[in-house]
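This report refers to the structure that appears directly beneath it.
What follows draws every value from the coordinates through simple rules; no lab data is involved. As the structure is a prediction and not an experimental result, all values here were calculated from the model. FYI the Cβ positions are ideal-geometry reconstructions off the backbone, even for glycines, and counts take in every protein chain you see.
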Amino acid sequence: MLLINNSGFGSYGEFPSPGLARNLEMIDLNVRAVVQLTGLLWPALRSRGGMVVNVASLAGYQPTPLMTTYAATKAFVLNWSVALDAEARAHGIRCVAICPGPVSTNFFKAAGFDAPIVAGGQTAEACAEETLAAMAAEAPERVTGLRNRLLSVISARLPKPWAAAVGLRMIRRLRLDRLLKRQD
């Protein structure tokens, strides 16, 4: 049996932008739905064995200013998935957390941008190929893309306040606010 939890969305801007209700919706979809769907299928997974694939994010490796709620939800998905894998192995269930960086999808449109901002990002096909390889290897976590793997190693080892400060500086340098849809 296979469950792939691959729905989610993010937002950009100073908290609570784009609004408290939207942040709570993000938590519901990015966290609650993953736990709920997995929990609902858990009895069948325990009886048959199988795999749960949860799409987290490179953002889950560090506190990410201007995407605070999104990064926090993906940190939950990453850590929950790795812990669940350790717990579930005895029952013939594997759990894999996939952690892509920017991927060419509608993610940026849903986050409020006029256009994709995927400079240097992965194609959906490349990300899917790495996901299949991680599933075959039964790796509990996989950061997709070499550049993203290097970033995850560096950012995970920095003290969190430093990672947040560096992240804020880098994100502000990108001037992503100029790409946001205008709310007239």
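Summary table
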quantity	calculated
Efficiency of FRET from Cβ geometry, S7 and E138, R₀ 22 Å, rounded to 0.05	0.45
Likely footprinting exposure, I93, I98, I171, I154, fewest C-beta neighbours within 10 Å first	I154, I171, I93, I98
Residue-wise HN-Hα coupling along the range 128-140, computed from phi with Karplus coefficients 6.51, -1.76, 1.60 (Hz; x: Gly, Pro)	5, 4, 5, 5, 4, 5, 5, 5, 4, 7, 6, 7, x
Three-way shape label, the range 1-100, alpha-carbon gyration tensor, a/c 1.5	prolate
Full-extension gain in nm, R46 to R149, via 0.36 nm per residue minus C-alpha separation	33.9 nm
Cα long-axis angle, helix 146-157 against the chain (0 to 90 degrees, to the nearest 10)	90 degrees
Which of V82, V52 has the fewest Cβ neighbours within 10 Å, and the rest in rising order	V82, V52
Sorted largest first, extent of the chain alpha carbons per principal axis (Å)	53, 34, 32
Viscosity 1.002 mPa s, temperature 20 °C, Stokes-Einstein D of the range 15-57 from Kirkwood C-alpha radius, µm²/s	178 µm²/s
